[in-house]
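Heads up, the thing below is written out as structure tokens.
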Amino acid sequence: MVVMEIPGVEKKDVDINLESDTLRVEARVDYGKYGGLEPLYTEYNVGHFARAFALSNKLDQAQIGAELDNGVLTLTLKKAKEAMPRRIAIT
Amino acid sequence: MAMLLPDPFDALVQFQQALDAFRTSGWLGSGPSGRGAYPLLDVFRKGDDIVIITEVPGVRKEDLEIQVKGNTIRIAGTKSVHYGERASLHRRERMAGNFDRAITVPVEVDADRVRAECRDGILALYLSRAERDKPKSIAVS
């Protein structure tokens, strides 16, 4: 599970791409919401979010779930069947 | 001539006590408040009004408390991070804990007309300047 904070991003502005074992998440902030506002005092800069993760082949890359709630994006990565521990019975 | 030195053990004990007090005061806690001010605020002006925007991802509306008095706004709340029952952590970058901060704006705020919106992890406070605080234009006769 990967949980990340992307405040101010709507669901439609989140891009999750998987390409050659790299999971790339890009989230864009709608600057239009800041229209007509004149900054007086700022402690942080508003900007887009981007981050990439290298995935091991022990993950099932076909099954990636994503959920956005209250500015928190949760990606659920399932372990591949081959990577699951296997019990060996004594014969 | 013998010099009067302070008791070194006494000094050590005092130092130890000061360290303990610092350690148990909560200033070094793992909460967001332990890493400087949280949440970070941006203050904007929109006409006569002031807009305060802050990022509070993962904080629920009911866990936020906003108070206004005069020209001071207090933003307090609790941020919790849940990973589920059977999760083991590989890497942790997100912080959880209580926060409480106050900001003073240079204008008097009409406490009855403060509007707070929280969406997608962004908290926006719309503060109206009190009528009696607004400058009056005087026509030249």
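Summed over the residues of the protein assembly as shown and divided among them, the accessible surface reaches 71 Å² per residue at a probe radius of 1.4 Å.
Just the number, please: buried accessible area between A and B, total of both chains, 1.4 angstrom probe, nearest 100 square angstrom. Write down the numbers at each step before the final one.
Details: alone 7670 and 11120 Å², together 16450 Å².
Using a 1.4 Å probe, the pair buries roughly 2300 Å².
Solvent-free Debye calculation, one equal scatterer per alpha-carbon of chain B: log10 I(q)/I(0) at 0.17, 0.19, 0.20, 0.22 Å⁻¹ equals -0.99, -1.12, -1.19, -1.32.
Using DSSP to call loops (not H, G, I, E or B), can you name the trypsin sites (Lys or Arg not before Pro) in segment B:52-100 whose Cβ has at most 11 other Cβ atoms within 10 angstrom? Mind showing how you got there, number by number?
On the way: sites: B:60, B:61, B:69, B:74, B:79, B:86, B:91, B:92, B:94; in loops: B:60, B:86, B:91, B:92, B:94.
Sparse-neighbourhood loop trypsin sites (Lys or Arg not before Pro): B:86, B:91, B:92.
Taking every alpha-carbon pair under 8 Å whose residues sit at least 6 apart, chain A reaches a relative contact order of 33 percent.
Where does the protein assembly as shown land on the Kirkwood hydrodynamic radius, alpha-carbon pairs, in angstrom? Could the numbers behind the result be given before it?
Values: mean 1/r = 0.0455 Å⁻¹.
Hydrodynamic radius (Kirkwood, Cα only) of the protein assembly as shown equals 22.0 Å.
Residues of segment B:47-78 that bury at least 20 Å² of accessible area when the other protein chains are present, relative to the chain alone (probe 1.4 Å, heavy atoms, ligands and nucleic acids excluded): B:53, B:55, B:57, B:58. Rounded to the nearest percent, how much of the accessible area of the protein assembly as shown (1.4 Å probe, protein heavy atoms only) is carbon and sulfur? C and S atoms contribute 51 percent here.
Using θ = phi - 60° in the Karplus curve 6.51 cos²θ - 1.76 cosθ + 1.60, the 3J(HN,Hα) couplings for segment B:103-119 round to 9, 9, 9, x, 10, 7, 9, 7, 4, 6, 10, 7, 10, 10, 10, 10, 8 Hz; x is entered for Gly and Pro. Relative contact order of chain B: what whole-number percent is it, with Cα pairs under 8 angstrom and at least 6 residues apart? Value for chain B: 24 percent. Treating each Cα of chain A as an identical point scatterer and summing with the Debye formula, the log10 of I(q)/I(0) at q = 0.24 Å⁻¹ comes to -1.23.
Interface burial in segment A:66-81, defined as at least 40 Å² less accessible area with all protein chains than with the chain alone at a 1.4 Å probe, covers A:70.
Close amide H pairs (under 5 Å, H built 1.01 Å from N) link residue A:79 with A:60, residues at least 5 positions away or on another chain. Computing FRET efficiency as 1/(1 + (r/R0)^6) for residue A:90 and residue B:93, where r is the C-beta to C-beta distance and R0 is 35 Å, gives about 0.20. Measuring heavy-atom accessible area with a 1.4 angstrom probe and counting protein chains only, the residues of segment A:30-46 that give up at least 50 Å² relative to the chain alone are A:34, A:37, A:38, A:40, A:41, A:43, A:44.
The values are calculated or read from the model by the stated rules, or taken from the named source; none is laboratory data. Quick caveat, the model's predicted, so the values are computed rather than measured. Cβ: placed from backbone, ideal geometry, glycine included. Neighbour counts: every protein chain shown. The area values use the complete protein model at the heavy-atom level, side chains included, leaving out ligands, DNA and RNA. Shrake-Rupley method; radii C 1.70, N 1.55, O 1.52, S 1.80 Å.
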